[in-house]
Each structure stands twice: as structure tokens, then as C-alpha cells.
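Taking it in order: structure first as C-alpha cells, then the write-up.
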Amino acid sequence: MYDIFGKYGAIRQIQIGTNKDTRGTAFVVYEDIYDAKTAVDDLSGFNVANRYLIVLYHQQAKMSKKFDQKKKEDKLAKMQEKYGVSLNKDK
């Protein structure tokens with residue numbers, strides 16, 4: 001990862017997804033936003049080990065919505081379990 005992305009500028013950190021929701025993804029944080037822009041422009045569609053990279057900017061607002069939705073679903077599941085309610089029509 002450092003070899004590929006490091007060519008575009010100083011990297012602050014790289015986080016590689018390890019759980020089932022983030023497997024196959026990585027977050028690369030550059031010191032300079034212009035280096036990140038150049039990496040996105042140049043590396044989108046780049047072939048590495050017979051896989052094509054999809055390079056995007058991180059969008060905090062979208063990630064927050066996804067996280068909030070997950071919290072709501074978990075809370076609903078706990079309430080259903082607590083009160084013995086099921087939304088499945090088969091049960």
C-alpha cells in the first residue's frame with residue numbers, strides 16, 4: 001500500500017479493513033489534500049494483482065448516516081427481543 005500510494009505524497013496513516021464489512025477496503029490519509037486529489041485522479045482504475053482499485057474521497061456525512069442506521073437497527077432488534085416481538089411473518 002505504501003509503495004503504491006506513497007508515490008503521490010507523504011502519508012499520515014493507512015487503515016486496512018479487517019472485519020466483514022470493511023474487508024477489501026483501506027483508508028489512506030495524506031498529509032496534504034492536493035496529494036490525495038492527485039492519488040484519486042491517477043489511481044482510480046489502476047490494476048494491482050489483477051484487481052482494479054476504486055479510489056474515492058472519504059465522505060464523513062455518508063459514513064455517519066450508515067453508522068446511525070446500524071445503531072437504530074440494533075436498538076430495534078434489542079427491543080423486539082425484550083418484548084418478544086417478531087416482524088417475520090413466518091413466525
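Okay, here's what the table says:
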item: Loop-resident sites, the stretch 1-40, for trypsin sites (Lys or Arg not before Pro), counting at most 15 other Cβ within 10 Å (DSSP); result: 20, 23
item: Potential lengthening between residue 54 and residue 31 on full extension [0.36 nm per residue; Cα-Cα distance subtracted]; result: 6.2 nm
item: Computed E for residue 42/residue 16 - FRET, C-beta separation, R0 22 angstrom, nearest 0.05; result: 0.60
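Any read-out appearing in this document is the output of simple, stated calculations on the displayed coordinates, not a laboratory observation. If you're wondering where the values come from, they're calculated on a predicted model, not measured in any experiment. Neighbour counts run over all protein chains shown; Cβ positions are idealised from the backbone, glycine included.
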